[in-house]
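Participant: Quick one: the structure is below, and I'll ask about it shortly.
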Amino acid sequence: QVQLVESGGGLVQAGGSLRLSCAASGRTFSSMGWFRQAPGKERDFVGAINWSGGSTLYADSVKGRFTISRANAKNTVYLQMNNLKSEDTAVYYCAARSGSDYTRWDLYNYWGQGTQVTVSS
């Protein structure tokens with residue numbers, strides 16, 4: 001059974017940092033990404049990583065503040081979030097797909113349950 005399990009969410013003050021983790025089990029993936037959904041809004045792409053080469057892509061809204069990395073041995077992807085802003089408040093979802101084109105965020109078809117990130121101003 002394929003599972004993506006996120007952890008690391010919580011409440012943080014503006015300007016603070018959090019690191020989210022997503023542990024994959026049941027199979028390996030070529031591409032993994034992070035998405036977020038704020039109340040009343042659609043789910044948005046945050047960033048993604050190509051598992052083999054480590055190339056990354058970020059949404060403009062988080063570029064320079066968020067960093068995606070992976071730990072191959074643990075089959076885990078991380079989202080380091082620095083200089084958090086109130087507008088980063090959302091449920092953050094880990095996602096994965098078989099294909100290696102990690103930039104195709106419309107093709108991610110495995111999803112975690114989400115973890116809440118709340119940034120207080």
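The values are calculated or read from the model by the stated rules, or taken from the named source; none is laboratory data. Quantities reported herein were computed from a predicted structural model and do not represent experimental measurements. Don't worry about glycine lacking a Cβ; one is built from the backbone with ideal geometry, like all the others, and counts go over all protein chains shown. These accessible areas exclude ligands, DNA and RNA; they are computed on the full protein's heavy atoms, side chains included. Shrake-Rupley method; radii C 1.70, N 1.55, O 1.52, S 1.80 Å.
Participant: For the range 72-87, take each phi angle, set θ = phi - 60°, evaluate the Karplus expression 6.51 cos²θ - 1.76 cosθ + 1.60, and give the result in whole Hz per residue in order, putting x for glycine and proline.
Facilitator: Once rounded to whole Hz, the list reads 4, 5, 9, 6, 10, 10, 10, 10, 8, 10, 10, 6, 5, 10, 4, 6.
Participant: How large is ³J(HN,Hα), in whole Hz, for each residue of the range 28-35 in order, when computed from phi with the Karplus curve 6.51 cos²θ - 1.76 cosθ + 1.60 and θ = phi - 60°, using x for Gly and Pro?
Facilitator: Whole-Hz 3J(HN,Hα) from phi for the range 28-35: 10, 10, 7, 9, 9, x, 10, 10.
Participant: Same structure, new question: Among A38, A73, A59, which one moves the most in a GNM of the chain with springs linking Cα atoms closer than 10 Å?
Facilitator: In the Gaussian network model the winner is A73.
Participant: Quick one: what does P(r) look like for the range 1-81 with 5 Å bins over all Cα pairs, in whole %?
Facilitator: All Cα pairs, binned at 5 Å, distribute as 3, 14, 24, 26, 20, 9, 4, 1 percent.
Participant: Anyone know which of D106, D44, D60 comes out most mobile in the 10 Å Cα GNM of the chain?
Facilitator: The residue with the greatest mean-square fluctuation here is D106.
Participant: Which far-off residues, 5 or more places away or on another chain, put their amide H under 5 Å from the one on Y110, with H placed in the peptide plane?
Facilitator: A96
Participant: Do any GluC sites (Glu not before Pro) in the range 1-98 lie in a loop, going by DSSP, with at most 16 other beta-carbon atoms within 10 Å of their beta carbon, and if so which?
Facilitator: E42
Participant: Ok, one more. Regarding the range 1-40, what whole-number volume in Å³ per residue does the convex hull of its Cα atoms give?
Facilitator: Convex hull of Cα atoms, per residue: 111 Å³.
Participant: What residue among S52, S21, S100 shows peak mean-square fluctuation when the chain is described by a Gaussian network model with Cα springs under 10 Å?
Facilitator: S52
Participant: Pull up the cross-link candidates among the lysines for K41, meaning alpha carbon to alpha carbon under 24 Å and not fewer than 8 places away within one chain.
Facilitator: Straight-distance partners of K41: K63, K85.
Participant: Let me ask something additional. Rank these residues by their accessible area, most exposed first, probe 1.4 Å: S25, S61. Walk me through the numbers on the way to the answer.
Facilitator: Values: S25 50, S61 70 Å².
Order by accessible area, largest first: S61, S25.
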